[in-house]
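Heads up, the thing below is written out as structure tokens.
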């Protein structure tokens, strides 16, 4: 493929935000090879291994665990690399994580950071947890301490085999989370001897859970980091630093973020703040483009705003809710979608569950199983995700019918109770 076709430098924003980032066009097989190699380098010989969601919440937990093991990395090289990116005016692609650039890696003093701490860090998502467990099983020493943070399996059966094997080989497995767990899945995990601690999803973030569960001498800096992380993760939005943490975790690599917040807590150093400010110019423009594309649909008693584009979904959803939407759907060029609710719509996880996803009542994600080949993706890009939007709106309709039916049953039950009282 001609690089100029996916180079955003001379393409209008109105066009390139309709397309995935460069990473989408990088073959999964090559990406997997690199991910496998880097995971092996991070895991082999480690005293402990952390599998964590690659967002601010999961990576804050990783920083806490490294603090307990006295395994934090020196932030100096990372700060120098950030300053160099600013000097060069480098624009990173949101969807390009994992794409290998041998030339830039050779000049990057942090390229081997993933292999330098005695506590190995494996960043994962909810749909790659099984693969991450398999890699720990393959490369970790016996009697390693394993931590899993800010990840909730949709179904026990797809992690059962590697987790059961790890329960036999590791010294301990501790699992910290705050998502809503299926009771059967939680019971199956605990039956293996895993120390599973799940916080209340509307009160704690996973950093809160880890902080109160770990046996470490944490000072006030860590309490503050957990509180600011919670401020964004639960969408409280009272501390302006929480947006800095969330944005930085999105744009930084997992080792970089865990190292910087481990050293500085919620008060990021000046170089990092400059980097975040610089990236926000593009971020805000993408948010505006996505908001402008939104169309509101009435589904049952709810107003559902649906949009499309490469953007920061939380801020887009917040803007659309501010304009009166009960729920917002942000369809991504890569084929996935984010569903965000409000006080008047707390069924996001139910909608996502009908289209190959899951999450929280007010925040969920999915990727409908509708993409068979590149022609399907081509149609997705040229129609701004119309097929994806249709199946998600159909899921909203189905949930609306279920909610209405449940309300009718409740009313009938109340009337029966009233008649019995008479």
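The values are calculated or read from the model by the stated rules, or taken from the named source; none is laboratory data. Note that the structure is predicted; figures quoted are calculated from it, not measured. As a convention, Cβ positions derive from the backbone with ideal geometry for all residues, glycine included, and neighbour counts pool all protein chains shown.
Given the conditions (1) over 17 Å from residue 52 (Cα atoms); (2) surrounded by fewer than 20 Cβ atoms within 10 Å (Cβ to Cβ); (3) without any contact (Cβ under 8 Å) to a residue 40 or more places away in the chain, and given that residue 231 satisfies all but one, which numbered condition is not satisfied?
Residue 231 satisfies every listed condition except (2).
Does the range 328-351 hold any residues that are over 21 Å from residue 291 (Cα atoms) and in contact with a strand residue (DSSP E or B) (Cβ under 7 Å, 6 or more places away or on another chain), and which are they?
Passing the criteria: 349, 351.
Across the range 252-274, what is the number of residues that are buried (at least 21 other Cβ atoms within 10 Å of the Cβ) and assigned to a helix (DSSP H, G or I)?
Selection size over the range 252-274: 10.
The rows are residues; the columns are (1) under 23 Å from the mean Cα position of the chain (by Cα); (2) modelled with pLDDT under 95.
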position	(1), (2)
298	no, no
312	yes, yes
319	yes, no
332	yes, no
340	yes, no
345	yes, no
348	yes, no
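On the given criteria, is residue 216 in the same structural domain as residue 35 (by TED's automatic domain parsing), over 21 Å from residue 126 (Cα atoms) and crowded, with 19+ Cβ neighbours inside 10 Å?
no
Go through the range 229-241 and count every residue that is in contact with a helix residue (DSSP H, G or I) (Cβ under 6 Å, 6 or more places away or on another chain) and within 15 Å of residue 312 (Cα to Cα).
2
Any idea how many residues of the range 33-81 are more than 16 Å from residue 112 (Cα to Cα) and in contact (Cβ under 8 Å) with a residue 12 or more places away in the chain?
Residues flagged as more than 16 Å from residue 112 (Cα to Cα) and in contact (Cβ under 8 Å) with a residue 12 or more places away in the chain within the range 33-81 amount to 23.
Do we find a residue being within 29 Å of residue 346 (Cβ to Cβ), in the same structural domain as residue 44 (by TED's automatic domain parsing), in contact (Cβ under 8 Å) with a residue 24 or more places away in the chain and out of contact with any helix residue (DSSP H, G or I) (no Cβ under 8 Å at 6 or more places or on another chain) anywhere in the range 189-202?
yes
Taking into account only those residues within the range 149-163 that are in a loop (DSSP other than H, G, I, E, B) and out of contact with any strand residue (DSSP E or B) (no Cβ under 8 Å at 6 or more places or on another chain), which is nearest to residue 181 (Cα to Cα)?
My answer is 153.
Taking into account only those residues within the range 172-207 that are assigned to a helix (DSSP H, G or I) and out of contact with any strand residue (DSSP E or B) (no Cβ under 9 Å at 6 or more places or on another chain), which is surrounded by the fewest Cβ atoms within 10 Å (Cβ to Cβ)?
Out of the qualifying residues, it is 183.
State whether the residues of the range 361-374 include one that is modelled with pLDDT under 95, surrounded by fewer than 15 Cβ atoms within 10 Å (Cβ to Cβ) and under 19 Å from residue 15 (Cα atoms).
Taking every residue of the range 361-374 in turn, at least one turns out to be modelled with pLDDT under 95, surrounded by fewer than 15 Cβ atoms within 10 Å (Cβ to Cβ) and under 19 Å from residue 15 (Cα atoms).
Just the residues that are part of a helix (DSSP H, G or I), modelled with pLDDT of 90 or more and farther than 27 Å from residue 25 by Cβ, please, taken from the range 69-120.
76, 77, 78, 79, 80, 83, 115
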